[in-house]
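Everything below concerns the one structure shown next.
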Amino acid sequence: MTNLSLATSFVLLLIAALHLLWGFDVYWPAKDETSLARAVVGAEGITQMPSFFACSFVTVALLIGTGLVLRLGGVLELSAVPLWLFQLAGAGFAFVLLARGIVGFLPFWAEVTPEQPFRTWDKRFYSPLCIALGLAVASLVVGSRGA
């Protein structure tokens with residue numbers, strides 16, 4: 001479980017770092033804001049990235065999720081907080097990740113997010129990654145034990 005926890009947390013930290021950069025108007029890996037918005041948001045007619053607040057919210061959520069993953073995998077020990085609370089939060093986090101991944105394959109999502117390259121990248125990368133992360137977190141929830 002430790003290796004799964006470390007690998008999952010590494011990916012979550014990378015995604016959190018990207019969202020933080022985007023919140024500070026760093027448009028990497030795109031050349032400009034419109035290109036990035038079309039690549040990572042994909043909403044119809046989008047030309048601007050979400051606000052600093054929105055990017056920061058996602059960053060904080062991913063950092064909290066990283067902490068959950070590290071605790072559930074036994075990497076972090078926080079004995080003052082009952083394990084069942086981490087398991088409950090981890091189950092919620094896994095649900096959100098899995099739901100986001102599954103939604104990416106539904107027809108209505110294609111209507112909401114028609115911009116390219118988001119549409120293609122969502123089916124090839126974003127949604128499968130969300131599903132993989134959700135399954136990893138779910139595995140950690142099921143496999144976690146009290147110390």
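The values are calculated or read from the model by the stated rules, or taken from the named source; none is laboratory data. Quantities reported herein were computed from a predicted structural model and do not represent experimental measurements. Cβ: placed from backbone, ideal geometry, glycine included. Neighbour counts: every protein chain shown. Accessible surface is based on the protein model in full, side chains and every heavy atom, while ligands, DNA and RNA are left aside. Shrake-Rupley method; radii C 1.70, N 1.55, O 1.52, S 1.80 Å.
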Explain nothing, just the number: dipole magnitude of region 37-140 about its Cα centre with +1 on each Lys and Arg Cβ and -1 on each Asp and Glu Cβ, in debye rounded to the nearest 20. 140 debye
Once you keep just the Cα pairs under 8 angstrom separated by 6 or more residues, what percentage relative contact order results for region 6-77? 43 percent
Quick one: Karplus J couplings for region 53-65, per residue in order, coefficients 6.51, -1.76, 1.60, θ = phi - 60°, nearest Hz, x for Gly and Pro? 4, 4, 5, 5, 4, 5, 4, 5, 4, 5, 5, 5, x
Please report the carbon-and-sulfur percent of the accessible area for region 29-85; probe 1.4 Å, protein heavy atoms only, DNA, RNA and ligands left out. 68 percent
Using protein chains only and a probe of 1.4 angstrom, how many square angstrom of Trp84 are accessible, to the nearest 10? 150 Å²
Between [x] 10.9; [y] 11.7; [z] 8.7, which matches mean projected area of the Cα convex hull in nm² calculated for the structure shown? [z]
Mean separation of Cα contacts under 8 Å, 6 or more apart, over the residue count of the chain: relative contact order %: 31 percent
Simple spin-label model, 7 Å along Cα-to-Cβ: Lys123 to Leu4 in nm? 3.0 nm
Ignoring any ligand, DNA or RNA, what whole percent of the accessible area of region 87-147 comes from carbon and sulfur when the probe is 1.4 angstrom? 74 percent
Could you derive backbone 3J(HN,Hα) for region 100-116 from the dihedral phi with the Karplus parameters 6.51, -1.76 and 1.60 (θ = phi - 60°), listing whole Hz in sequence and x where the residue is Gly or Pro? 4, x, 5, 4, x, 9, 8, x, 5, 5, 5, 6, 6, 10, x, 5, 9
Potential extension, Leu83-Ile102 segment - 0.36 nm per residue separation minus Cα distance: 4.0 nm
Estimated [θ] at 222 nm from DSSP helical runs (n ≥ 4, -39500 (n - 2.57)) normalised by residues in the chain, nearest 500: -22000 deg cm²/dmol
